[in-house]
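A short worksheet on the structure shown next.
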Amino acid sequence: MPTKTLRIPTTDGQADAFAAFPDHGERHPGVLMYADGFGIRPVLREMARELAGHGYYVLVPNLFYRHGAAPVIDLPEHIGEEVRPALMEQLMPLIEAHTAERVLSDADAYLRFLTTQPEVGAGPVAVTGYCIGGLLATRTAAAHPGQVAAVAAFHGPVGADGPDALAEITAQVHFGHAESDLTPEALGELNRALDAAKVDYTSEISPGTVHGFTMSDTDAFDPAGLQRHWDRLLPLLDRALV
């Protein structure tokens with residue numbers, strides 16, 4: 001599986017990024033993958049390679065490139081609950097500095113770069129994200145309705161910008177929520193907003209999961225939840241991009 005380390009020109013500098021794509025020569029649909037707050041690390045590279053193995057060019061940018069190359073903070077091999085508070089204390093100023101204005105400016109740069117790679121075919125792209133990356137994926141889809149054909153977000157605060165933002169999405173959508181993040185009542189409210197916006201979507205709670213359930217290097221990891229994630233993500237991309 002070919003991989004590349006890349007630098008993406010943005011209005012604020014150069015974002016380092018990781019890309020994975022199939023090893024046969026033709027061009028492939030593009031997928032922009034937003035990491036969770038812990039950023040690019042072995043588990044994200046493995047997920048990008050797994051997705052690329054299904055026929056996609058997958059680009060994973062360093063969200064916090066303004067603060068340095070990934071990993072922006074020192075990460076242990078396993079992010080257990082005993083170290084998570086200290087790591088989040090370091091990450092929260094970076095997350096808070098990543099304003100909506102920065103998110104949208106970066107999204108423009110990431111999509112422009114993705115769609116001009118020689119391995120990426122013409123046509124629409126998909127965006128997926130995890131945790132805070134799920135919100136970034138949702139914002140990107142809303143800001144690029146003619147270009148983003150599919151958006152998937154997992155254990156992300158996808159409703160944070162309110163129902164008006166959801167109404168801008170024209171992509172096919174899947175939201176996979178952690179049981180610890182969203183009550184059934186909150187899920188119903190979110191889904192009613194998606195219905196009102198006439199979004200083509202699925203939105204569900206993965207049973208028995210906690211925030212971060214897709215990430216195998218954390219205590220939150222749930223193997224069944226990760227498999228459910230693939231079972232939802234791959235058909236979505238197949239419908240929208242292939």
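Counting the residues of the range 22-57 that are assigned to a loop (DSSP other than H, G, I, E, B) and more than 12 Å from the chain's Cα centre (by Cα) gives 13.
Of all residues in the range 178-198, none are in contact (Cβ under 8 Å) with a residue 24 or more places away in the chain and among the β-branched types (Val, Ile, Thr). For first residues located in the range 204-221 and basic (Lys, Arg), partners that are open to solvent by less than 10 Å² (accessible area, probe 1.4 Å) and lie 6+ apart or on another chain with Cβ distances below 6 Å do not occur. Yes or no: residue 213 touching a strand residue (DSSP E or B) at 6+ places or on another chain (Cβ under 6 Å) and not in a helix (DSSP H, G or I)? In short, yes. Kindly indicate whether any position in the range 91-105 is among the β-branched types (Val, Ile, Thr), within 27 Å of residue 174 (Cα to Cα) and open to solvent by less than 10 Å² (accessible area, probe 1.4 Å). For the range 91-105, residues among the β-branched types (Val, Ile, Thr), within 27 Å of residue 174 (Cα to Cα) and open to solvent by less than 10 Å² (accessible area, probe 1.4 Å): present. The residues listed here are 108, 23; of these, the one that is closer than 27 Å to residue 162 by Cα, open to solvent by 30 Å² or more (accessible area, probe 1.4 Å), out of contact with any helix residue (DSSP H, G or I) (no Cβ under 6 Å at 6 or more places or on another chain) and not aromatic (Phe, Trp, Tyr) is 108. Might you check whether a residue that is out of contact with any strand residue (DSSP E or B) (no Cβ under 9 Å at 6 or more places or on another chain), part of a loop (DSSP other than H, G, I, E, B), of a type outside the set (Phe, Trp, Tyr) and in contact (Cβ under 8 Å) with a residue 12 or more places away in the chain occurs anywhere in the range 125-141? No: the range 125-141 contains no residue that is out of contact with any strand residue (DSSP E or B) (no Cβ under 9 Å at 6 or more places or on another chain), part of a loop (DSSP other than H, G, I, E, B), of a type outside the set (Phe, Trp, Tyr) and in contact (Cβ under 8 Å) with a residue 12 or more places away in the chain.
Quick check: anything in the range 59-68 among the hydroxyl-bearing types (Ser, Thr, Tyr), modelled with pLDDT of 95 or more and in contact with a His (Cβ under 8 Å, 6 or more places away or on another chain)?
no
Being at pLDDT 95 or above, under 21 Å from residue 234 (Cα atoms) and not aliphatic (A, V, I, L, M) is a property that residue 134 has.
Figure legend. Inter-residue proximity from the range 160-171: first residues over 21 Å from residue 182 (Cα atoms) and open to solvent by 50 Å² or more (accessible area, probe 1.4 Å), second residues not in a helix (DSSP H, G or I) and not hydrophobic (A, V, I, L, M, F, W, C), beta-carbon distance below 8 Å, spacing 6+ or different chains. Indicated pairs: 168/145; 170/145; 170/146.
The values are calculated or read from the model by the stated rules, or taken from the named source; none is laboratory data. Remember, it's a predicted structure, so these values are computed and weren't measured experimentally. Glycine also receives a Cβ, built like all others from the backbone with ideal geometry; neighbour counts cover every protein chain displayed. These accessible areas exclude ligands, DNA and RNA; they are computed on the full protein's heavy atoms, side chains included. Shrake-Rupley method; radii C 1.70, N 1.55, O 1.52, S 1.80 Å.
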